[in-house]
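Data block below; observations after.
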């Protein structure tokens, strides 16, 4: 089983995670790297979209709406994200203003809705965790946006720290304790040689994967626990994309490590 994918940063649209090449069935991922004036259009049926602008600016237009010149940061380390949510069955076009890098998440949906712009000032920022597993969490596309499946945020983790720790999972439909939710991580580091270690495992042992991840890498998490560690000396950014009918943080901790929650 290989849950890791890598984006080569080619120009244009790169289809990174698809139903054909992934164990995930609720979420797919494209990456767009567009030069000034380049366009890319989407019109797939019965899918909702979230466009997270990683760097640069763009205009997103469709029938009856236009979000013009959105995106304020040069890189992911330059502040909170801008995100555009497009409900199902609304064709749209992205036009780059200067060079733009955009992560495009998509999930099955038939829900009728209104395109929504999430501005950097709309992002909720929280400091989470305890010493050894601290991170700055950014909630981008959360309950405030009436999506059907997608729930998205970003995390910033200092070197030597763990995230998604103590190890948790969200793959059982046992609400309100736990939701059946798939997830994808996309990573960047503040230096080219920066790296981290991503684990994905189940208690049953049918999944037990460990990956070295660098800038441009993805790891898909169809199920199981998924703790992540950043090598000392480097600062990590990761984009997390969750997809499921019950949107939010409905998860359980690995029982072997539950004691850490009361430490």
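For (1) in contact with a helix residue (DSSP H, G or I) (Cβ under 9 Å, 6 or more places away or on another chain); (2) over 15 Å from residue 4 (Cβ atoms); (3) assigned to a strand (DSSP E or B), each residue gets a yes or a no:
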{"site": "176", "(1), (2), (3)": "no, yes, no"}
{"site": "187", "(1), (2), (3)": "no, no, yes"}
{"site": "211", "(1), (2), (3)": "no, no, yes"}
{"site": "232", "(1), (2), (3)": "no, yes, no"}
{"site": "240", "(1), (2), (3)": "no, yes, yes"}
{"site": "245", "(1), (2), (3)": "no, yes, no"}
{"site": "249", "(1), (2), (3)": "no, yes, no"}
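Out of all the residues in segment 252-262, is one or more within 28 Å of residue 75 (Cβ to Cβ) and outside any strand (DSSP E or B)? Show your work before the answer.
Filtering segment 252-262 for residues within 28 Å of residue 75 (Cβ to Cβ) gives none.
Within segment 252-262, not a single residue is within 28 Å of residue 75 (Cβ to Cβ) and outside any strand (DSSP E or B).
Take residue 131 and decide whether it is more than 14 Å from the chain's Cα centre (by Cα), touching a residue at least 40 places away in the same chain (Cβ under 8 Å) and either surrounded by fewer than 21 Cβ atoms within 10 Å (Cβ to Cβ) or outside any strand (DSSP E or B) (or both). Before the answer, list the steps.
Details: more than 14 Å from the chain's Cα centre (by Cα): yes; touching a residue at least 40 places away in the same chain (Cβ under 8 Å): no; either surrounded by fewer than 21 Cβ atoms within 10 Å (Cβ to Cβ) or outside any strand (DSSP E or B) (or both): yes.
No.
For the subset of segment 137-152 comprising residues that are without any contact (Cβ under 8 Å) to a residue 40 or more places away in the chain and under 13 Å from the mean Cα position of the chain (by Cα), which member is nearest to residue 109 (Cα to Cα)? The qualifying residue nearest to residue 109 (Cα to Cα) is 139.
Listed by first and then second residue, the pairs with beta-carbon distance under 6 Å, at least 6 apart or on different chains, first residue in segment 79-98 and free of Cβ contacts under 8 Å to residues at least 40 places away in the same chain and on the phi < 0 side of the Ramachandran plot, second surrounded by 20 or more Cβ atoms within 10 Å (Cβ to Cβ) and not in a strand (DSSP E or B), are 82/71.
Identify the residue in segment 10-19 that is in a loop (DSSP other than H, G, I, E, B) and closer than 14 Å to residue 29 by Cα and, among all such residues, is nearest to the chain's Cα centre (by Cα).
In the first step, residues of segment 10-19 are kept if they are in a loop (DSSP other than H, G, I, E, B); the result is 10-11, 18-19.
Now restrict to residues that are closer than 14 Å to residue 29 by Cα: 18-19.
Details: 18: 15, 19: 17 Å.
Among residues in segment 10-19 that are in a loop (DSSP other than H, G, I, E, B) and closer than 14 Å to residue 29 by Cα, the one nearest to the chain's Cα centre (by Cα) is 18.
Within the group 169, 199, which residue is over 16 Å from residue 233 (Cα atoms), surrounded by 22 or more Cβ atoms within 10 Å (Cβ to Cβ) and either under 18 Å from the mean Cα position of the chain (by Cα) or free of Cβ contacts under 8 Å to residues at least 12 places away in the same chain (or both)?
Answer to the selection: 169.
Every listed requirement among (1) within 17 Å of residue 184 (Cα to Cα); (2) without any contact (Cβ under 8 Å) to a residue 24 or more places away in the chain; (3) surrounded by fewer than 19 Cβ atoms within 10 Å (Cβ to Cβ) is met by residue 66 save one, (1).
Where a number appears in this text, it was derived from the coordinates with a stated rule and is not lab data. Predicted model only: the values in this text are computed from it and were never measured. Please note: Cβ atoms are built from the backbone with ideal geometry, for glycine as well, and neighbour counts cover all protein chains shown.
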